[in-house]
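Laboratory data are not the source of any read-out in this text; all were calculated from the coordinates shown. The shown structure was predicted, so the numbers you read here are calculated from the model rather than taken from an experiment. No Cβ is skipped: glycine too gets one built from the backbone with ideal geometry, and neighbour counts run over all protein chains shown.
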Amino acid sequence: MVIESILTPRELETLLYLAEGLSNSAIAAEMVIDERVVECYCNVIYSALDVSKTDGHPERSPRVLAARWLWEQNKLHVEERNAWLRE
């Protein structure tokens, strides 16, 4: 799966922040958008990656699964990610 063809640049940026462990409010502050927009982006990301709400196991939360997916795909190295976020 080529995630860049599924997610918008802002959704991909949100995914990167999710992988860093930022909260929705922290992501909103970084991206200078409303927290409700972040929530919408997260829902799109979870749907695109086919991760959903779990039965209360933190290691299987959508946020963790999304971050794990990104890590396993190794789509963006740290330098590439930093360059992409600066654009």
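Below are the figures for this structure:
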| item | result |
| --- | --- |
| Vicinal HN-Hα couplings computed from phi for region 24-35 (Karplus, 6.51 cos²θ - 1.76 cosθ + 1.60; Hz; Gly/Pro x) | 4, 5, 5, 4, 4, 5, 5, 8, 6, 9, 6, 4 |
| For peptides 20-28, 6-14, sequence by mean Cβ density within 10 Å, most packed first | 6-14, 20-28 |
| Hz values of 3J(HN,Hα) by residue in region 14-23 - Karplus curve (6.51, -1.76, 1.60), Gly and Pro given as x | 4, 4, 4, 5, 4, 5, 7, x, 6, 6 |
